[in-house]
Amino acid sequence: MTARLGILQKFQAWMMALAGRPVETPEPAQSKEQPLYKLSRLMVAIASPQGRRGGGTQVMVDALNEEQITCKSRELLQEGEKLELAMLLQGVGHVRLPVTVEWVLLSSFGHSAGLHIEHNEQTREIMSAFVNLLQNNSRG
């Protein structure tokens, strides 16, 4: 009988030790990536190789944030290709953004592409202002 009490006491002590042990949970990583803001209407832009004016590819921008743009195109864009994206941002004005094609999804209805904006000071301010206008639903 005393052996059973000893085992029961050890089991009880073990359970208390488990319950009393502080559990350290890792803190979630703070992601700097912003969610993409889906546009209510597609926005037309012209993508051309950097340094070349005119004769570019028409793309339809469907979502964006300060760092990235997703779009659809009839013509195939190449991953890693550096382009200049010319578009009219309502409430901000005309802008030319240097972009790099990050990914391309092929489709018979039009190709989807993800573009990463290669910012300078001016383009970062412009995109930040435009995203703020979109979030506040106060585009010109």
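The values are calculated or read from the model by the stated rules, or taken from the named source; none is laboratory data. Being a predicted model, the structure only gives us computed values, none of them experimental. Cβ: placed from backbone, ideal geometry, glycine included. Neighbour counts: every protein chain shown. Just the protein is used for accessible areas: all its heavy atoms, side chains included, with ligands, DNA and RNA removed. Shrake-Rupley method; radii C 1.70, N 1.55, O 1.52, S 1.80 Å.
When Ala129 is tested against (1) within 14 Å of Ser48 (Cβ to Cβ); (2) within 19 Å of the chain's Cα centre (by Cα); (3) of a type in the set (A, V, I, L, M, F, W, C), only condition (1) is not met.
When Glu102 is tested against (1) within 16 Å of the chain's Cα centre (by Cα); (2) not in a strand (DSSP E or B), only condition (2) is not met. If the condition is being surrounded by 11 or more Cβ atoms within 10 Å (Cβ to Cβ) and farther than 18 Å from Lys38 by Cβ, then segment 103-115 contributes Val104, His111.
Taken over segment 41-54, the criterion of being surrounded by 10 or more Cβ atoms within 10 Å (Cβ to Cβ) and either at pLDDT 80 or above or among the aromatic types (Phe, Trp, Tyr) (or both) is satisfied by Leu42, Met43, Val44, Ala45, Ile46, Ala47, Ser48, Pro49.
Looking at segment 49-68, which of its residues are part of a strand (DSSP E or B) and of a type outside the set (Asp, Glu)? First the steps, then the outcome.
Start the filter on segment 49-68 by keeping residues that are part of a strand (DSSP E or B), which leaves 49, 57-64, 68.
Of everything in segment 49-68, those that are part of a strand (DSSP E or B) and of a type outside the set (Asp, Glu) turn out to be Pro49, Thr57, Gln58, Val59, Met60, Val61, Ala63, Leu64, Gln68.
Inspection of segment 92-102 identifies no residue that is open to solvent by 50 Å² or more (accessible area, probe 1.4 Å), modelled with pLDDT under 90 and farther than 17 Å from Leu133 by Cβ. Considering segment 11-40, and only residues there that are within 26 Å of Lys72 (Cβ to Cβ), open to solvent by 100 Å² or more (accessible area, probe 1.4 Å) and not small (Gly, Ala, Ser), the residue that is modelled with the lowest pLDDT turns out to be Glu33.
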